[in-house]
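Structure first, then comments.
The values are calculated or read from the model by the stated rules, or taken from the named source; none is laboratory data. Values in this document were obtained by computation on a predicted structure and should not be read as measured data. Cβ atoms come from the backbone with ideal geometry, glycine included; neighbour counts cover every protein chain shown.
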Amino acid sequence: MTTNILLAGFGGQGILFAGKAIAKMAMDSDLQVSWLPSYGPEMRGGAANCSVIVSDEEIGSPVVVTPDILIALNLPSFDKFEPKVIAGGKLIYDCSLIDRTSDRADIEVYGIPATAMASDAGLTGMANVIVLGYLLKITGLFEYDAFLEHMLAGIPPTKAALIEKNKKALEMGYNYAK
Amino acid sequence: MAKKVLMKGNEAIAEAAIKSGCLHFFGYPITPQTEISEYMAKRMPKVGGLCLQAESEISAINMIMGAAAAGSRCLTSSSSPGISLKSEGISYIVGCDLPCVIVNVQRGGPGLGGIQPSQQDYYQATKANGHGDEHVLVLAPSSVQEMAQLTSEAFDLADIYRMPAMILADGALGQMMEPVDFDVMSKRDVPEKTWATNGTEGKRKKNIINSLLIDPVELENSVIARFKKYDEIAEKEVKYEEYKCDDADIVIVAYGITSRICKTAIAAARAKGIKVGLFRPITLWPYPKKQLGALADKAKHFLVCELNMGQMVDDVKVATECKKPVSFFGRTGGMIPSPDEVLAEIEKLAATL
Amino acid sequence: MVVFDKPKSLSPVPFHYCPGCTHGIVHRLVAEVLDELDLCGKTVCVSPVGCSVFAYNYFECDMIEAAHGRAPAVATGVKRTHPDNIVFTYQGDGDLAAIGTAETVHVGARGENITIIFINNCIYGMTGGQMAPTTMPGQVTTTSPYGRDRRIQGSPIRVCEMLSTLDGVAYAERVAVNTVPNVKKAKAAIKKAFQNQIDKKGLSIVEVLSTCPTNWGMTPEAALEWVKTDMIPFYPLGVYKDADVKELNPTSTKEVNE
């Protein structure tokens with residue numbers, strides 16, 4: 001079983017971090033995993049996306065072209081990748097930043113106002129973690145508790161203040177009901 | 001603690017080098033390999049080593065020449081345009097029979113080109129890293145694990161054969177993260193460096209590290225001796241992977257990141273009943289000529305896939321002695337083909353068989 | 001009784017240099033200093049591309065023959081690997097001040113604790129008399145056949161003056177070997193440049209104004225005279241920098257890390 005995940009948005013939205021959290025969890029679950037970022041000449045801003053492949057067998061191409069799961073955090077990413085989601089796949093998007101939805105009947109579409117939720121809860125910049133929580137709920141990709149533990153373990157001691165915030169954000173996403 | 005660590009390919013190279021006893025790194029920043037310098041800058045002082053940012057690629061490779069001459073296990077890394085700058089130094093290092101490891105995380109060219117992944121330096125790496133009759137060992141990893149593994153092997157090979165070994169990777173392998181297990185590093189016996197210039201202490205004759213042989217007879221003899229060593233390497237050190245080649249009508253020949261894209265395409269083609277396999281050279285120099293040649297009696301067609309305009313095609317034709325047709329599919333300039341594009345190519349070929 | 005012998009740091013082979021060329025004098029001075037300071041056994045010399053390309057045949061210490069202009073980078077690699085070795089480069093003007101300018105400037109900027117012996121004879125000797133970065137204004141060479149025109153070929157580089165502006169340089173002195181007193185001064189400068197390395201003071205460079213009678217088209221005697229009448233006025237002798245910049249050079253990094 002192979003799951004192709006594509007995370008896309010602006011640089012600075014924590015796309016790469018979210019992808020890494022998934023990749024780390026997969027590795028520690030004894031699964032094969034690859035994480036491939038897009039990279040460009042700019043350090044901030046611009047489009048950012050990353051391909052994460054989780055599998056129980058050897059991973060071939062690390063580039064996700066037709067995702068099983070697409071996480072789109074801005075409109076250009078939504079427009080670009082929504083048509084690429086494989087039939088039967090899942091699309092998760094930030095409906096507080098993307099003012100349209102998908103009319104595809106062959107995929108499951110989940111909107112979550114992650115950026116607005118983050119901002120309302122004083123968790124600015126943590127929409128990515130909210131979306132991760134939502135992803136766990138929708139896909140059952142990993143156990144919630146195990147994922148939380150792994151994600152928090154990845155936070156360096158110098159940023160210990162972020163532990164509670166991450167915990168709260170993941171929980172908010174997981175408990176979000178459409 | 002888990003045995004495996006999730007790392008970028010570039011970082012895996014750096015850590016593997018340190019774990020292989022590399023104590024000197026000389027480099028110059030260039031995308032998409034700068035993480036190697038950054039990792040070394042952080043780690044080297046903690047292990048009693050040195051990471052020095054040189055004023056140019058040219059200086060960096062010459063610092064390598066000095067450190068290698070002094071007997072150090074040393075590493076330099078760059079990306080395509082920077083490797084061109086290093087080519088003078090590489091030729092001298094070969095001429096002086098010095099061991100070192102050079103990493104090329106390839107990007108698109110020619111010229112300043114782009115910064116996206118490419119395999120456009122195949123010719124340069126395998127045929128002409130610098131002027132003169134010369135070769136360097138060229139290892140082409142296709143995963144982050146192999147970035148680490150082959151780096152450690154490169155240090156041993158370089159020391160055993162007293163010549164540079166190059167890791168020929170690309171931007172995708174450098175930037176991607178995969179789990180790495182560092183417990184499987186190379187541990188071959190390597191000879192003592194009695195030739196190193198580290199002071200005679202009055203106990204031995206002076207050592208001379210030199211590539212100048214003004215007498216053509218002497219120079220010819222030294223080149224011939226080096227080529228005898230190359231023959232030995234070709235006999236003993238080729239590395240390759242065969243994947244589903246036993247019954248394959250079509251054999252794809254691909255290395256590095258491209259080989260993985262091909263594997264995905266092969267799975268899809270096999271699902272459609274097309275018998276296709278992959279031959280993956282891991283050493284690009286020495287090239288696994290014999291091993292690939294052996295497939296020419298069974299397969300009906302060879303398809304070379306690369307991120308360039310077909311630089312490996314000649315090597316495949318030579319290895320297979322043109323017994324079967326060899327065609328090419330690739331993207332260049334930093335473009336990466338999708339498995340579907342490769343699949344389409346396979347299907348097109350299969351229809352003609 | 002032997003009253004005059006070859007220094008032990010020189011190999012028992014004849015030099016290949018032209019009659020009247022002062023490379024031989026400078027080689028001998030370096031070897032005498034290595035003998036007097038008992039350094040030969042721990043010394044690594046990096047030789048250049050130029051007339052002294054065969055220096056590896058002449059010195060008894062370990063030798064590395066570098067690419068044109070790259071000796072300071074190679075020396076850096078050696079010194080950083082074995083900080084206790086004594087490392088010196090021996091370079092000509094084309095090597096050090098043209099093709100290797102970046103290496104020269106940055107070895108100074110880093111304050112590498114090495115010694116540079118710089119032979120300035122205003123010309124490319126080995127390739128047969130072409131214009132060097134130090135060729136004098138008006139000087140005729142095969143590639144400045146009408147005399148170096150500063151408006152066209154640019155002006156010569158005064159290396160000691162330039163390097164003395166760099167923080168990492170401990171010692172820069174220009175000497176000449178055209179007269180016996182000058183040879184004595186040159187030896188003292190070379191000795192100081194090696195002593196500085198022992199004392200971990202930082203980069204030391206000794207620029208030696210030398211002759212090239214063959215390519216200058218002069219007799220050896222006339223060449224020595226030309227050093228006095230033309231070169232020294234343009235390239236004044238003397239100490240351009242003499243400072244202990246130990247805290248700015250790599251020899252102090254070990255202590256910093258500890």
**OP:** Among residues belonging to region B:66-103 that are among the polar types (S, T, N, Q) and under 15 Å from B:HIS135 (Cβ atoms), point out the one that is surrounded by the fewest Cβ atoms within 10 Å (Cβ to Cβ).
**Re:** B:SER87
**OP:** May I ask you to say which residue of A:ASN49, A:ASN74 is within 13 Å of chain B (Cβ to nearest Cβ) and touching a strand residue (DSSP E or B) at 6+ places or on another chain (Cβ under 7 Å)?
**Re:** A:ASN49
**OP:** Can you give me the ranges of the helices (runs of 4 or more DSSP H) entirely in region C:164-255 with at least 3 residues that are under 18 Å from the mean Cα position of the chain (by Cα)?
**Re:** C:180-198
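I'm trying to understand the selection: among the residues of region B:1-17, which are over 18 Å from the mean Cα position of the chain (by Cα) and either assigned to a helix (DSSP H, G or I) or in contact (Cβ under 8 Å) with a residue 12 or more places away in the chain (or both)?
Those that are over 18 Å from the mean Cα position of the chain (by Cα) and either assigned to a helix (DSSP H, G or I) or in contact (Cβ under 8 Å) with a residue 12 or more places away in the chain (or both): B:LYS3, B:LYS4, B:VAL5, B:LEU6, B:MET7.
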Subject >> Qualifying residues in region B:273-331 (those that are among the small types (Gly, Ala, Ser) and part of a loop (DSSP other than H, G, I, E, B)) - the one nearest to B:LYS229 (Cα to Cα) >> reply: B:GLY310
Original post:
In region B:95-114, is there at least one residue being within 21 Å of B:SER72 (Cα to Cα), part of a helix (DSSP H, G or I), touching a residue at least 40 places away in the same chain (Cβ under 8 Å) and assigned by TED's automatic domain parsing to the domain that holds B:ALA158?
Top reply: yes
**OP:** Name the one entry in C:VAL49, C:VAL87 that is in a loop (DSSP other than H, G, I, E, B), more than 7 Å from chain B (Cβ to nearest Cβ) and β-branched (Val, Ile, Thr).
**Re:** C:VAL49
Subject >> Scope region C:1-24; condition outside any loop (DSSP other than H, G, I, E, B) and buried (at least 19 other Cβ atoms within 10 Å of the Cβ); matching residues >> reply: C:LEU10, C:HIS23
**OP:** Select from region B:73-94 the residues that are out of contact with any strand residue (DSSP E or B) (no Cβ under 8 Å at 6 or more places or on another chain), over 26 Å from B:ASN308 (Cβ atoms) and either away from chain C (no Cβ under 14 Å) or not in a helix (DSSP H, G or I) (or both) and list them in ascending order.
**Re:** none
Original post:
Among A:LYS20, A:LYS24, which is within 8 Å of another protein chain (Cβ to nearest Cβ), within 12 Å of the chain's Cα centre (by Cα) and either surrounded by fewer than 24 Cβ atoms within 10 Å (Cβ to Cβ) or basic (Lys, Arg) (or both)?
Top reply: A:LYS20
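Looking only at region B:251-261, count how many residues are outside any loop (DSSP other than H, G, I, E, B) and farther than 18 Å from A:TRP35 by Cα. Can you show your working first?
First, pick out the residues of region B:251-261 that are outside any loop (DSSP other than H, G, I, E, B): B:251-253, B:256-261.
Right, trim to farther than 18 Å from A:TRP35 by Cα and you get B:251-253.
Looking only at that region, the number is 3.
Of all the residues that make up region B:273-305, how many are in contact with a His (Cβ under 6 Å, 6 or more places away or on another chain) and farther than 26 Å from B:ALA154 by Cα? Full working, then the answer.
Just the residues of region B:273-305 that are in contact with a His (Cβ under 6 Å, 6 or more places away or on another chain), to begin with: B:285.
Okay, now just the ones that are also farther than 26 Å from B:ALA154 by Cα, so none.
Residues flagged as in contact with a His (Cβ under 6 Å, 6 or more places away or on another chain) and farther than 26 Å from B:ALA154 by Cα within region B:273-305 amount to 0.
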**OP:** Scan region B:261-272 residue by residue and report those that are surrounded by fewer than 24 Cβ atoms within 10 Å (Cβ to Cβ) and over 22 Å from B:ALA296 (Cβ atoms).
**Re:** B:THR264, B:ALA267, B:ALA268, B:ALA271, B:LYS272
Subject >> Per-region count, region B:21-50, residues outside any helix (DSSP H, G or I) and over 22 Å from the mean Cα position of the chain (by Cα) >> reply: 3
Original post:
Which of (1) more than 22 Å from B:CYS322 (Cβ to Cβ); (2) in contact with a helix residue (DSSP H, G or I) (Cβ under 8 Å, 6 or more places away or on another chain) does B:ALA267 not meet, given it meets every other one?
Top reply: (2)
Original post:
Just for strands (runs of 3 or more DSSP E) wholly inside region B:126-211: which have at least 1 residues that are touching a residue at least 12 places away in the same chain (Cβ under 8 Å) and away from every other protein chain (no Cβ under 14 Å)?
Top reply: B:137-139, B:164-170
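Is it the case that A:PRO113 is touching a Phe, Trp or Tyr at 6+ places or on another chain (Cβ under 9 Å) and more than 27 Å from B:VAL144 (Cα to Cα)?
Numbers: touching a Phe, Trp or Tyr at 6+ places or on another chain (Cβ under 9 Å): yes; more than 27 Å from B:VAL144 (Cα to Cα): yes.
Yes.
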Original post:
Among the residues of region B:38-72, which ones are more than 10 Å from chain C (Cβ to nearest Cβ) and either on the phi > 0 side of the Ramachandran plot or charged (D, E, K, R) (or both)?
Top reply: B:GLU38, B:LYS42, B:ARG43, B:GLU57
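Considering only region C:139-165, state which residues are touching a Lys or Arg at 6+ places or on another chain (Cβ under 6 Å) and within 19 Å of C:TRP226 (Cβ to Cβ).
Across region C:139-165, the qualifying residue is only C:GLN139.
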